[in-house]
Each structure stands twice: as C-alpha cells, then as structure tokens.
Amino acid sequence: MTRHSRLPKYLAIYDDLRARIDTGEWQADDALPPQRELAASYGVTIMTLRQALQLLENDGLIESRPGAGTFPASKRYTYNLLHLSGFADDLRAQGAKVETHILGSSRETPPSDVARALQLGPTEQVLVVTRHRVIDTHPSVLQHSYIPWSTGISPDELVDASLYQVLAQHGYPVASANESITVTTLGAAEAELLARPEHSPAMLSHRTNVTEDGTPVLHDTALIPSDIAELHIDRGPQQIRVTYRINDRGGRTAR
C-alpha cells in the first residue's frame with residue numbers, strides 16, 4: 001500500500017498540495033485554484049478539502065487574502081530580539097539575501113533622547129550612520145545608528161562589515177542591550193525609501209547596546225513597515241522567546 005492510500009483523504013490532499021507548493025507550481029502571487037475546483041480534482045467534498053487547507057495554513061504554507069483567494073505564503077524570517085547578533089547576520093543565516101546600503105554618515109550632536117541613552121555630556125558628539133536594508137530585493141528596514149565619537153570608529157570601517165564586529169575590534173564588545181518597540185507611521189522621505197505609501201504603519205525600534213561594564217556604545221533606531229513584520233512571543237515554562245517575523249512580500253510603491 002502506498003502512503004497516500006493509508007492516509008485519511010484530507011491528509012493525502014495536504015501532502016499533495018504541500019509538495020506542489022514546495023516544487024513551485026504556484027508562485028507567491030499565483031492564487032491556488034478555487035476550492036470547488038480543487039475539491040472536484042481530488043474527488044472530495046469542500047469540507048474535506050478545507051481540512052487540508054487549514055493544515056497548510058497552520059503550517060504557514062498558504063495564506064488567505066480577502067477578496068483575492070488563497071496564495072502560497074510569503075517566505076518568513078525571524079530575528080531573535082533576545083540575541084545580540086546583527087539583524088543582517090540573523091537573516092542571512094536563514095537563507096535571506098540581505099543588501100545593506102549606507103545612505104550617509106556624519107558627525108553630530110545627538111538628539112537629547114539619544115544623548116541620555118548613551119550617557120553623553122552636552123558637548124559630546126556621535127557618528128550617525130544611516131543604513132537601508134533590502135531583503136530579497138524588497139526595501140525593508142531604515143536604520144539610524146548613533147555611535148559615540150570617542151570610540152574612534154570611522155564610516156569607512158562599516159562598509160560591508162558588521163557594526164557589532166567593528167565595535168569589538170575597537171575594544172567595545174556588546175554584552176547586553178535594552179530595546180523598546182512602538183508603532184508609528186512613515187513620513188514622506190521614509191515612505192519613498194521603503195517603497196510604501198506615506199502615512200502607512202510601521203514598527204519603530206529603539207535599542208541601546210552596552211558593554212560588559214555597562215558602557216553604552218551604540219544606539220540604533222530601526223523602522224520596519226508593518227506589512228512585512230510582526231512581533232512574535234513564545235512563552236514556555238522556563239523561557240521566553242521574542243522575535244520579529246519578517247516576510248519577503250514586496251511593499252507597494254509609494255504614492
């Protein structure tokens with residue numbers, strides 16, 4: 001007997017649809033056939049087909065788009081907020097293609113909230129680096145990094161390099177961090193860079209990284225459009241895991 005002949009019908013359909021999705025029969029923007037058509041092709045009732053579709057949705061393999069139909073789910077990556085690895089490094093390890101573009105850098109007197117986070121005096125300055133992250137060809141993150149000028153880090157060192165690694169090379173390895181996440185909307189310039197409509201929702205992260213002796217050495221702000229990211233929390237009896245889930249669905253062109 002074959003595996004499919006031993007399985008309940010909905011599980012056999014689940015296996016077959018999963019294999020068809022995995023082999024790329026339907027791309028991310030290709031709707032699956034209507035449910036009645038699929039049910040007829042498998043010789044089952046709509047209810048049996050829906051059991052299979054529910055399993056596929058539970059596994060994150062398909063997604064329903066109201067008014068449009070059912071589609072293969074966008075690829076998702078996770079960034080563990082409890083780890084101190086770099087954002088790009090985490091996603092690349094999962095197979096994502098991440099491009100980082102440095103849009104500019106300057107020596108500035110930081111805003112008051114950044115100065116407080118970095119415990120800087122009124123005359124102390126920072127190196128500000130603005131980076132644009134593109135994930136699988138889609139504009140995804142706009143990041144501003146504030147580094148105390150006293151670290152001696154220059155913008156040239158950050159081209160094609162991890163900021164965490166550069167800090168460690170200068171004697172400032174990051175040992176811990178605190179982060180807050182709020183909801184905001186995109187201004188005109190931000191929307192254009194992230195290829196989203198102006199005023200569309202986004203998550204804004206503020207993260208301060210410190211060394212083992214408690215010295216703040218980096219303050220990051222990261223702007224992530226809400227249509228590709230969600231905050232996910234797994235609570236267990238002994239641990240908690242907090243991640244960003246980032247999908248690779250392209251954003252709409254800014255208007």
- Message: If I model a spin label as a point 7 Å beyond the Cα along the Cα-Cβ vector, how far apart are those points for residue 99 and residue 30 in nm?
- Response: 2.6 nm
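Could you compute the FRET efficiency for residue 221 and residue 16, with r as their C-beta to C-beta distance and R0 at 45 Å, rounded to 0.05?
About 0.45, to the nearest 0.05.
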- Residue-wise HN-Hα coupling along the range 16-29, computed from phi with Karplus coefficients 6.51, -1.76, 1.60 (Hz; x: Gly, Pro): 5, 5, 4, 5, 5, 5, 4, 8, x, 4, 10, 7, 4, 9
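None of the figures in this text is laboratory data; all of them are computed from the coordinates on show. Predicted, not measured: the structure shown is a model, and the values here were computed from it. Glycine also receives a Cβ, built like all others from the backbone with ideal geometry; neighbour counts cover every protein chain displayed.
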